[in-house]
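Novice: I am attaching a structure below and will ask some questions about it afterwards.
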Amino acid sequence: MTVSKVTMKSVVHNRFEKQRGAGLIEILITLFILAVGLLGVAALQFTGSFANKDAISRTQAEMVAAQVAERLRAAARPATVGDGMVVPNNYFTASNYNFSGLSCAGSSHPYRCFCLTRPAGIPNCEGQDCDEVQMAQYDGWALSCSAVQTNPQTTVSVSCDDNNNADIYSCSAGSRVAILLSWPVTSSGNQKYTLNTRCNTQDGDSNACVFKDITL
């Protein structure tokens, strides 16, 4: 019996001597698997950040497009030529939007530059009387501020498919008004966009957009 016990102790002792922990190969395989997993998580977060940015831009653009439509309906008045409602011509002046003609120093973000305080070139129509020209300029500035609040690259465009070029109105009664908010597409990795022709009128453009067509 004594010899048998000694033999068993010797076998167990030899087995533990051969297994002194994980080898270099096992460690390298573990690190490789961990690295692949971390790269996958990083890629997912990277792609998710672009998707979140685009979703925020689209949500804000939808809200601003609705605001533009409300401003146009509020500014509309009965036409003096023909029947129906018309919007003053200045609401279709491109220079009234996107801070055209305004300058700012000290900040690259247009909202901080032009919207925290009313620029000197914008009429004060808050609680004061403004004519149609001034009101169109003020509304264009206010709507542009709403557009760039979350995405500084968003632009506003208000145009009209005029059905009567012979009258005095840029957008005659019954014409279709097109409201367009667009911003450059940000893509990454496997993320692909199907670009809409309304958002990209020229070759080489790569924009996402929200558009709304209304008839007063």
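Novice: For Glu132, what is the net charge nearby, where nearby means another residue's Cβ is under 12 Å from its Cβ and Lys, Arg count +1, Asp, Glu -1?
Specialist: Counting the neighbours of Glu132, the net charge comes to -2.
Novice: Which whole-Hz ³J(HN,Hα) couplings does the range 133-142 yield from phi under the Karplus relation 6.51 cos²θ - 1.76 cosθ + 1.60, θ = phi - 60°, glycine and proline marked x?
Specialist: Computed from phi, the couplings for the range 133-142 are 5, 5, 5, 5, 5, 5, 4, x, 5, 5 Hz.
Novice: Further question on the same structure: Positive end of the dipole of the range 64-215, charges at C-beta (+1 Lys, Arg; -1 Asp, Glu), about the Cα centre: which of Thr194, Phe211, Ser146 has its Cα farthest in that direction?
Specialist: Checking the options against the dipole of the range 64-215, the answer is Thr194.
Novice: How would you rank Ile122, Ile33, going from fewest to most other Cβ atoms within 10 Å of each one's own Cβ?
Specialist: Least to most surrounded, the residues fall as Ile33, Ile122.
Novice: Then there's this: Can you list the HN-Hα couplings for the range 113-129, worked out from phi with the Karplus curve (6.51, -1.76, 1.60; θ = phi - 60°), rounded to whole Hz and with x for Gly and Pro?
Specialist: Calculated HN-Hα couplings, in order: 6, 10, 10, 5, 9, 6, x, 4, x, 9, x, 8, 10, 8, x, 10, 6 Hz.
Novice: When the chain is fully extended, how far beyond the present Cα-Cα distance does Thr80 get from Arg198, taking 0.36 nm per residue of separation?
Specialist: 39.3 nm
Novice: At what distance in nm do the modelled label points of Gln67 and Leu102 sit from each other, each positioned 7 Å from its Cα along Cα→Cβ?
Specialist: About 1.2 nm separates the two model spin labels.
Novice: Please work out whether the range 64-215 counts as rounded, prolate or oblate from its C-alpha gyration tensor, where a ≥ b ≥ c are the square roots of the eigenvalues and a/c under 1.5 means rounded, while otherwise a/b larger than b/c means prolate and anything else oblate?
Specialist: Oblate is the answer for the range 64-215, as a/c is 1.5 or above yet b/c matches or exceeds a/b.
Novice: If each residue's Cβ is checked for other Cβ atoms within 10 Å, how do Thr80, Thr154 rank with the fewest at the top?
Specialist: Thr80, Thr154
Novice: Round to the nearest 0.05 the FRET efficiency obtained for Ala178 and Thr30 when R0 = 35 Å and r is the Cβ-Cβ distance.
Specialist: Approximately 0.05, to the nearest 0.05.
All of the numbers you see were taken from the coordinates with simple rules; none came from a lab. Keep in mind the model is a prediction, meaning the values are calculated, not measured. A quick note on method: Cβ atoms are made from the backbone with ideal geometry, for glycine too, and the neighbour counts reach across all protein chains shown.
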